[in-house]
Amino acid sequence: MPLARIDLIKGKSAEYRHTIGEVIYEAMLSTLNVPKDDRFQIITEHGDSDFVADPTYLGIHRTRDTVIIQITLNQGRTLEVKKAFYKAVADGLHARLGLRREDVFINLVEVPKENWSFGNGEAQYA
């Protein structure tokens, strides 16, 4: 049931963007215990003036390659599970794309199960 919104600076190849989505999906399967085939992702590129990621917030040095990942998902996962997810995504993007771990920004938005409709105007998980 997660919905992933992935934002990055324009100029990366379609393969690069696809790989980001793959890494996130694989991390959701392995750490967040999401159902197989539950893959909903929106990948958006932005021009320089439309993408702001502070380059030094919290002492983390970010580059223009920063990727912002926001995932809306059902509430209830433990802190340990969330940390494992963050690590799996950062490590996976580093291993497969050479993306610096410092350039992986992740935000989880937790919602009750009844806040989803996957089609037909129905609340499938309510």
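Points to keep in mind about this one:
- In the range 15-126, a dipole from Cβ-located charges (positive for Lys and Arg, negative for Asp and Glu) runs towards its positive end, and of Ala27, Thr63, Ile42 it is Ala27 whose Cα lies farthest in that direction.
- Point-charge dipole on Cβ atoms (K/R +1, D/E -1) for the range 64-126, about Cα centre, debye to 20: 240
- From helices alone, the chain scores -8500 deg cm²/dmol at 222 nm; the rule is -39500 (n - 2.57) for each run of n ≥ 4 DSSP H residues, then divide by the residue total.
- Value of relative contact order over the chain, rounded to a whole percent, pairs C-alpha under 8 Å and six or more apart: 31
- Where Cα atoms sit under 23 Å apart: lysine pairs in the chain separated by 8 or more or lying on different chains: 7
- This model, with +1 at the C-beta of Lys and Arg and -1 at the C-beta of Asp and Glu, gives the range 3-115 a dipole about its Cα centre of some 200 debye.
- Axis angle, to the nearest 10 degrees, between helix 79-97 and the longest C-alpha principal axis of the chain: 50 degrees.
- Bridge orientation summary for the chain: considering DSSP beta bridges with both residues in this region, about 30 percent are antiparallel.
- Within the listed set Asp54, Asp65, Asp91, the Gaussian network model of the chain (springs between alpha-carbon atoms below 10 Å) gives the highest mean-square fluctuation for Asp54.
- Intensity falloff of the range 3-115 expressed as log10 I(q)/I(0), Debye formula with alpha-carbon point scatterers, at q = 0.10, 0.11, 0.15 Å⁻¹: -0.28, -0.34, -0.65
- Principal-axis analysis of the Cα atoms of the chain puts helix 14-27 at an angle of about 50° to the longest axis.
- Among Ala53, Ser13, Leu93 - extreme Cα towards positive end, dipole of the chain, charges at beta-carbon: Leu93
A short reminder: the numbers here are calculations on the coordinates, not readings from a lab. Computed from a prediction, not measured in an experiment: that's the story for all the values here. Counting neighbours? That spans all protein chains shown, and the Cβs are built from the backbone with ideal geometry, glycine included.
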